[in-house]
Amino acid sequence: MWYCVDLIVCTGQTSTLISSCSAGAAGKRKPVWTAGRRIDPNTESTFVWKVSLSNGTVIQQPMVYTHWSPGQPSFGDGVQSCMAIGTGSGYAWDDIRCTQNFCSLCEIDL
Ligand SMILES: [Ca+2]
C-alpha cells in the first residue's frame, strides 16, 4: 500500500506526469490533486504550494509557474481552495472544493 506524503509541486509542464488514475469512465478524465492550496482556504487568497517536511511541518512555497485554465482560479461558491490539474485541454489547472474525492499526484524519493 502506497501512502501519499508529498503532493506534487508543479514547476513546469506536467502533462507527462498524469497517471492512469485520472482516467475516468468512458475515457473522461478526472482532475488530480496537487500540493497547490490557498494561503487561507476561507478567503480568495493567493495560491501557494503547501509541502510537508519529514518532521511533519508544513511549509509554503510561492507558486511561480502557473498553468490555470481560462477564468481560473474562480473561488467558485466561495469554497474552491485546492488546486487540481483539471479536465480541460492541455492539463490546465482549476481550483476545486478541497473535499472532492480525486486521485493525487505524489512525489516520492526513489
Ligand atoms: Ca474553479
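What follows draws every value from the coordinates through simple rules; no lab data is involved. Just so you know, these numbers come straight off a predicted model, no measurement behind them. Note: ideal-geometry Cβ built from the backbone for every residue, glycine included; neighbour counts use all protein chains shown.
Each row is one residue, and each column tells you yes or no for (1) more than 14 Å from Ile8 (Cα to Cα); (2) within 16 Å of the ligand (Cβ to nearest atom).
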| position | (1), (2) |
| --- | --- |
| Asn55 | yes, no |
| Ser69 | yes, yes |
| Asp77 | yes, yes |
| Gly86 | yes, yes |
| Thr99 | yes, yes |
| Cys106 | no, no |
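Are any residues in the range 42-54 more than 15 Å from Asp94 (Cα to Cα) and surrounded by 12 or more Cβ atoms within 10 Å (Cβ to Cβ), and if so, which ones? Let's see the steps before the verdict.
Taking the range 42-54 and keeping what is more than 15 Å from Asp94 (Cα to Cα), we get 42-43, 50-54.
Passing the criteria: Lys50, Val51, Ser52.
Selection over the range 88-97 of residues that are within 10 Å of the ligand (Cβ to nearest atom) and surrounded by 16 or more Cβ atoms within 10 Å (Cβ to Cβ) gives a count of 4. Annotation note: Cβ proximity below 9 Å between a residue of the range 59-71 that is without any contact (Cβ under 8 Å) to a residue 40 or more places away in the chain and a residue that is more than 16 Å from the ligand (Cβ to nearest atom) and part of a loop (DSSP other than H, G, I, E, B) (sequence gap 6+ or interchain) occurs for Ile59/Leu53; Gln60/Ile39; Met63/Val9; Met63/Cys10; Thr66/Cys10.
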